Structures are given as C-alpha cells and as structure tokens.
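The values are calculated or read from the model by the stated rules, or taken from the named source; none is laboratory data. Quantities reported herein were computed from a predicted structural model and do not represent experimental measurements. Reconstructed Cβ throughout: ideal geometry from the backbone, glycine too, with neighbour counts over all protein chains shown. The area values use the complete protein model at the heavy-atom level, side chains included, leaving out ligands, DNA and RNA. Shrake-Rupley method; radii C 1.70, N 1.55, O 1.52, S 1.80 Å.
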Amino acid sequence: MRKAFTWMKWAVLASSIWLTGCGTISTLGKLESGAGAEASRMWDRWVDGEGDIAVATTWERKVKQGVTAQEVEQVLKQVATERNMRDVGTLPLSKELEARSGKKEKLLTVYSFCSPATARRMVDFSPHMAAYLPCRVSMVEKEDGLWLYTLNMDMMVKMGRKLPSPLKEEAKAVRDTIWEMMERGSKGEF
C-alpha cells in the first residue's frame, strides 16, 4: 500500500508540474536544495494526520514522565538565553480560562521567542513571514501527559525560496534554537 501511495504521490506531483507549466519550472529553480524532500515529508505527515494541516506543519515532542511544566518552562527560557533569543512573552491560556470559568483546565501555555534582527531581515525578504512571528512553543496537557508543539521550522529554512547570506545562516540558527528547545524541554535537560 505504501509503495502504491508513493507512486501516486509522484504522479500527482508530475501532473501538477505539467499542468502549471513554466511557472512551476521557473519557481523550482528558485528553491532551496532539498525543498522537494521537505515537501514530501510534509505530504506524508499530512496523510498520516488524516488531512490535518497542523500535523503536517508542526513538530511535537512528548514531555518525559516526571518532568514538570515549570521545569519545561525553565529549560525553554534557558535555551533562549544561551542561544541569544529574546523571551518576548508567555500566554497562560489555561489560567485565563480558569479565571473566566472558575473551573480547573488542562494546561495550555504558549511561549514566544524572537531574534529581532533576524525577524526584521526575514520580513524584509518576505513580508508574509511576519505572520509567523514570533517563534512559539506551546505546552499542552493531554490525557497521556504534557506535550510540546511548534511550527516546523524546516519549512522556513529548507522549503522556500533561497535565502541570501547571512539571512540563511541566521534563519538556520533560529531553527536550531527552537529544535533544541523542543529536545531539551521535553527531557527537562538544564
């Protein structure tokens, strides 16, 4: 079944290229090396997520049992400091909902981080990137424990138009910082 799906995926891609003609071919030449492989990974996650686009465009990590929400938060902020990213805010959504309803809610907190100079250069490169600012890591309490979610930063670095230097290196550093936050935060690694 998987082999048939892969063939079908490439058939759809090939027919899309054929149908869109020169515009697609012209655009393909402007993309980062490896953009097709990243698009393929996203497609697979979209299918595995039964069409949920959020599954296709995010990274997730289950927080190791025994690691507390406070420890995860400390690690996220520690990594930001170590990697020279600004902590630009925390949105404690579950606490807000509890204040409104008076009922206990499962944890839902959104942490925001930014590298202001990189953000400015990225928006100068593509104003639409402003919609992705700032970088966010969300902690979500589910039935099986705590989880961390963030945007798949590989889309920004690997999948789009070629980024000029030094923006490419700066964007990769932001990507690596968010990746490290997810990895260390999920394990409680100070």
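Quick notes on this structure:
- Among the candidates Val67, Val79, Val72, residue that is open to solvent by less than 70 Å² (accessible area, probe 1.4 Å), in a loop (DSSP other than H, G, I, E, B), under 27 Å from Val140 (Cα atoms) and at pLDDT 95 or above: Val67
- Scanning region 42-54 for residues that are surrounded by fewer than 16 Cβ atoms within 10 Å (Cβ to Cβ) and aliphatic (A, V, I, L, M) returns Val47, Ile53, Ala54.
- Members of region 120-140 that are in a helix (DSSP H, G or I) and open to solvent by less than 70 Å² (accessible area, probe 1.4 Å): Met122, Val123, Phe125, Met129, Ala130
- Taking the criterion of being modelled with pLDDT under 95 and crowded, with 16+ Cβ neighbours inside 10 Å, the residues of region 155-170 that qualify are Met155, Met156, Val157, Lys158, Met159, Gly160, Leu163.
- Selection status of Arg100, open to solvent by 80 Å² or more (accessible area, probe 1.4 Å), closer than 23 Å to Ile53 by Cα and either assigned to a helix (DSSP H, G or I) or out of contact with any helix residue (DSSP H, G or I) (no Cβ under 8 Å at 6 or more places or on another chain) (or both): no
- Looking only at region 159-179, and only at residues there that are within 12 Å of the chain's Cα centre (by Cα) and of a type in the set (D, E, K, R), the one that is nearest to Glu38 (Cα to Cα): Arg175
- For the condition in a loop (DSSP other than H, G, I, E, B), at negative phi and in contact (Cβ under 8 Å) with a residue 40 or more places away in the chain, Leu163 qualifies.
- Residue within region 141-148 that is within 12 Å of the chain's Cα centre (by Cα), at pLDDT 95 or above and crowded, with 18+ Cβ neighbours inside 10 Å present: yes
- Note on region 26-52: residues that are touching an Asp or Glu at 6+ places or on another chain (Cβ under 8 Å) and part of a strand (DSSP E or B) total 0.
- Filter result for the condition that a residue is outside any strand (DSSP E or B), within 20 Å of the chain's Cα centre (by Cα) and modelled with pLDDT of 95 or more, over Val88, Val55: Val55
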